[in-house]
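As C-alpha cells, the structure follows; a few thoughts come after it.
The values are calculated or read from the model by the stated rules, or taken from the named source; none is laboratory data. Remember, predicted model here, so these are calculated numbers, not experimental data. Cβ coordinates were reconstructed from backbone atoms using ideal geometry, including for glycine residues, and neighbour counts include every protein chain displayed.
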Amino acid sequence: MTAPTPGVAIEAGHEATQAIGAQNGRQAPRSRPGRSLLPALIIVGAFLYYVLPLIATASFALSDGRHFTLAPLTDALGDPAFHDSITLSAGIAVLTTIVSILIVAPTSYLIVLRFRRIRTLMDFVTILPFVIPPIILTLGLRQVYGADSPLGVDLVDSPLLLVAGYFVLSLPFTYRAVDNAMRAIDVVLLTEASESLGAGGLRTFRSVILPGTLLGIISAALLCFTTVMGEFTLASLLGYATFPVFLNNVYASAPREATSLVIVSFMITWAGVLALAVVGRRAGGGTTALRRAA
Amino acid sequence: MAPSGPTTAAQPTATRRRGGLAPLALLPFAVLVLFFLVLPALSLLWGSFHEGGSGAVTLANYDYLSGANKSLHPFVNSFVISFLSMVSGGVLGLIIAQALVSSKNRVLEQLTVTFSSVAANFAGVPLAFAYVAMIGVNGLLTRFLIGLGVDLYGAGFSLYTLAGLTVVYTYFQVPLMVLLILPALQAMKREWREASDNLGASRWRYVRSVAIPVLTPSLIASLLLLFANSYGAYATAYALTTGFISLVPIAISNVIAGDVTFNPGQGDALAMGLAVVMTICVAGQAILQRRASRWLNR
C-alpha cells in the first residue's frame, strides 16, 4: 500500500494540524525543567532519524568519491531520458488530476444534494483502492485490458490505461477531500437559495458550490498530483518509464546520478506536503467562516 | 407590479426535483469505477477459481494455502516484515507522539507533523536508494559505525534481507504512526488526569485504568493500518532486492512478468489472498476507529 500512503499520511497530518489548532486555547501547566528534557531529546532524535537518510543520500551523490561535486546532479538533470521521464510523469499527473476533479467534484455534489441514499455505497467504493493495492490492480487491469482481453480491448499500450488506473488509485484521497468540503458547507441550502434566485444547475455549481469548496478541491488536486508523481508499481508493470521507474532503471549503471535524483524526488514530496499544509490551514479557517455564515 | 414574497413557482426545487438529467451526471464516475476497478477485481476473483487453459472450475489455484512446496512463503515473509515493522514503527511513533504532547510546544509540534508527512510519503524507490547510501555495504552510517568499532555487515546484518527490509519499512511506518496516533493522544482530556490525581491514583494507575483503556481502540486501529501499509508495499522491496525476497506483492509481480513458478490462475489466487489480508486490516481499522470516537470525540 505504499502508493496510497501519501494521502493517508497527509490527511492524517491535516487532522493533526487541526487538532493542534483546536487546542490553541488550552494553557500549558507549569512544568519543571527536568521533566521537559526527555520529550525534547526524543523529538531531536526523531528529526535526526528523519534526516539521516537524506544526509547520507547527499553525501554519496554529491561526491566523486573524495570531494564535493555537483557533477552527478547536473549530469542527471541534463540526461534527455530524465527529461522524458519527468515530462511523462508530469503529463500523466496533470491529466489524471484534471480528469479526477472534473469527475469527482460534480459526482460528490450530486451525491450530497440528490442521492444521499447511496452515500454509504460511495464511501465503500472510494475506500476499495485501499483493499486492492496497486499490485493487485495492475494484475487485474492487465487481464482485462491486456493482449488477450476478454472485452477485446487492448489498452496496455495506451497511457489512458495508466490515467484510468491512477484515477482509481487516488480516489480515496480525491473523493474524501472533495466530499469533506461538500459536507462543510450547506450544499442543499445554498443550492435552493441559488435556484430560487433563478440560477440553473450548472450556474449554481459554477458560481456557488465551486467557490465554496475550492480549497477542498485544490487539496484533492494536490493529493492526486503527488500520488501520481510518486507511483511506481502500475507504471513499471505496465511498461511506462515515468520518473520513479527511470530512477530505478538508471541506478544499476549510474548509482551516483540516480541517488542525486533522490534529492529531486524528495523536493517534489516536500513541495506537495507544504502546499497541502498551506491549503489545509486556509481551508480550516474558510470552512468555519462559511459554517458561521450559514 | 410590486414584488411580493416568494411565489410557489419560485419554490426551492433542488431536492424535490426527480428524474431529469442528474443521474446521467453520475455516469462518468460509475463507468470509470466499473471498468477500471470493479471489473479487474471480478476478473481476478473469477480467474482464481478457474483453470487456465480449459476454464474449468477449480480450487487448485488456492493450493498455496496448504503450505506445500513452500508455497505459503510469500505470505509468511510478508507477515513477518509487516508485523516487525508495525511493532518497531508503532512503538517509536507512539513515543515520539507522546513526547510531542508532553512538550506542549506548538511550533515543534507543527514542525514534526510536517516532517512526518514528508517522511511518511518518502517511500518506494527513492527511500530504497537513500537507505543504500546510509546503511548499504559502503553506506555513510555503516562506515561511521565501523569507525566506532561496530561492524554491521561483519555481524551478519544486510540491507538486502528480511531484516534489512524491515529497517527500511520502519522509516515510513514511524511517521505514519505519529500522524495516526497524535490526534488520539491530544484528545485525552487533562480533566481525566486531574480527576485521577484527586482520587489519589498513582501515575501508573492512571495509565493502566484510564489511558490504556481509552487509547486501545485507536492504538490497534493505527497498528492495523501500519500492518496493511507494509503488507501491500511493492516498490521499496523491489528496488532494494529486485525481487529476490519472496513477498506477496513481489510474487504477484513475478506472475505478471511471466515467471513460471506460479501460473496465471495461481497469480489471481495470490492476489485474492492479499486482498483478504488488506480487507481484514481496513475493516478492523474502520470498526475500531468508530469505537475509539466514543471517548475521543473532539
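Key figures for this structure:
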| quantity | calculated |
| --- | --- |
| Condition met for A:Phe124 (of a type outside the set (Val, Ile, Thr), more than 8 Å from chain B (Cβ to nearest Cβ), part of a helix (DSSP H, G or I) and closer than 27 Å to B:Ala275 by Cβ) | yes |
| Members of region A:35-48 found to be closer than 23 Å to B:Ser117 by Cβ and facing another protein chain (nearest Cβ under 7 Å), listed by number | A:Pro39, A:Ala40, A:Ile42, A:Ile43, A:Ala46, A:Phe47 |
| Single residue of region B:92-140 satisfying the filter (facing chain A (nearest Cβ under 7 Å) and outside any helix (DSSP H, G or I)) that is farthest from B:Val150 (Cα to Cα) | B:Lys104 |
| Condition check for B:Ser202: out of contact with any Cys (no Cβ under 6 Å at 6 or more places or on another chain), buried (at least 24 other Cβ atoms within 10 Å of the Cβ), among the small types (Gly, Ala, Ser) and closer than 30 Å to B:Asn105 by Cα | no |
| Subset tally (residues that are buried (at least 22 other Cβ atoms within 10 Å of the Cβ) and in contact (Cβ under 8 Å) with a residue 60 or more places away in the chain) for region B:95-108 | 3 |
| Matching residues, region A:53-62, being without any contact (Cβ under 8 Å) to a residue 40 or more places away in the chain and either more than 8 Å from every other protein chain (Cβ to nearest Cβ) or hydroxyl-bearing (Ser, Thr, Tyr) (or both) | A:Ser59 |
| Residue ID - farthest from the other protein chains (Cβ to nearest Cβ), chosen from residues in region B:160-191 that are out of contact with any helix residue (DSSP H, G or I) (no Cβ under 6 Å at 6 or more places or on another chain) and in a loop (DSSP other than H, G, I, E, B) | B:Thr161 |
| Condition check for B:Phe262: modelled with pLDDT of 90 or more and more than 9 Å from every other protein chain (Cβ to nearest Cβ) | no |
| Region A:134-156, residues that are of a type in the set (Val, Ile, Thr), facing chain B (nearest Cβ under 7 Å) and free of Cβ contacts under 8 Å to residues at least 40 places away in the same chain | A:Ile136, A:Val144 |
| Qualifying residues in region B:266-286 (those that are farther than 30 Å from B:Ser218 by Cβ, within 11 Å of chain A (Cβ to nearest Cβ) and of a type outside the set (A, V, I, L, M, F, W, C)) - the one surrounded by the most Cβ atoms within 10 Å (Cβ to Cβ) | B:Asp268 |
| Residue match in region A:225-240 (condition: out of contact with any strand residue (DSSP E or B) (no Cβ under 7 Å at 6 or more places or on another chain), surrounded by fewer than 17 Cβ atoms within 10 Å (Cβ to Cβ), under 18 Å from B:Thr242 (Cβ atoms) and of a type outside the set (Asp, Glu)) | yes |
| Some residue of region A:173-184 being at pLDDT 90 or above, in a helix (DSSP H, G or I) and either in contact with a strand residue (DSSP E or B) (Cβ under 7 Å, 6 or more places away or on another chain) or within 10 Å of chain B (Cβ to nearest Cβ) (or both) | yes |
| A:Thr96, sole failed condition from (1) at pLDDT below 80; (2) touching a Ser or Thr at 6+ places or on another chain (Cβ under 8 Å) | (1) |
| 3 or more residues under 27 Å from B:Phe115 (Cα atoms) and either at pLDDT below 90 or facing another protein chain (nearest Cβ under 10 Å) (or both): qualifying helices (runs of 4 or more DSSP H) within region A:201-294 | A:214-230, A:243-251, A:255-293 |
| One residue from B:Val255, B:Val214, B:Val210 being touching a Pro at 6+ places or on another chain (Cβ under 7 Å) and modelled with pLDDT under 90 | B:Val255 |
| Test set (1) surrounded by fewer than 18 Cβ atoms within 10 Å (Cβ to Cβ); (2) within 15 Å of the chain's Cα centre (by Cα) - B:Ser230 fails condition number | (1) |
| Single residue of region A:35-82 satisfying the filter (surrounded by 12 or more Cβ atoms within 10 Å (Cβ to Cβ) and of a type in the set (D, E, K, R)) that is nearest to A:Ile263 (Cα to Cα) | A:Asp75 |
| Out of B:Leu159, B:Leu111, B:Leu182, sole residue that is over 14 Å from A:Ala56 (Cβ atoms), in contact (Cβ under 8 Å) with a residue 24 or more places away in the chain and within 24 Å of the chain's Cα centre (by Cα) | B:Leu182 |
| One residue from A:Gly152, A:Gly198, A:Gly165 being in a helix (DSSP H, G or I), out of contact with any Ser or Thr (no Cβ under 6 Å at 6 or more places or on another chain) and not hydrophobic (A, V, I, L, M, F, W, C) | A:Gly165 |
| Residue check, A:Ile86 β-branched (Val, Ile, Thr), within 19 Å of A:Gly239 (Cβ to Cβ) and touching a residue at least 40 places away in the same chain (Cβ under 8 Å) | yes |
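Per-residue answers, yes or no, for (1) touching a Pro at 6+ places or on another chain (Cβ under 8 Å); (2) basic (Lys, Arg); (3) within 22 Å of B:Leu247 (Cα to Cα); (4) in a helix (DSSP H, G or I):
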position	(1), (2), (3), (4)
B:Phe29	no, no, no, yes
B:Val33	no, no, no, yes
B:Leu37	yes, no, no, yes
B:Asn61	no, no, yes, yes
B:Val76	no, no, yes, yes
B:Ile81	no, no, yes, yes
B:Leu84	no, no, yes, yes
B:Ser88	no, no, yes, yes
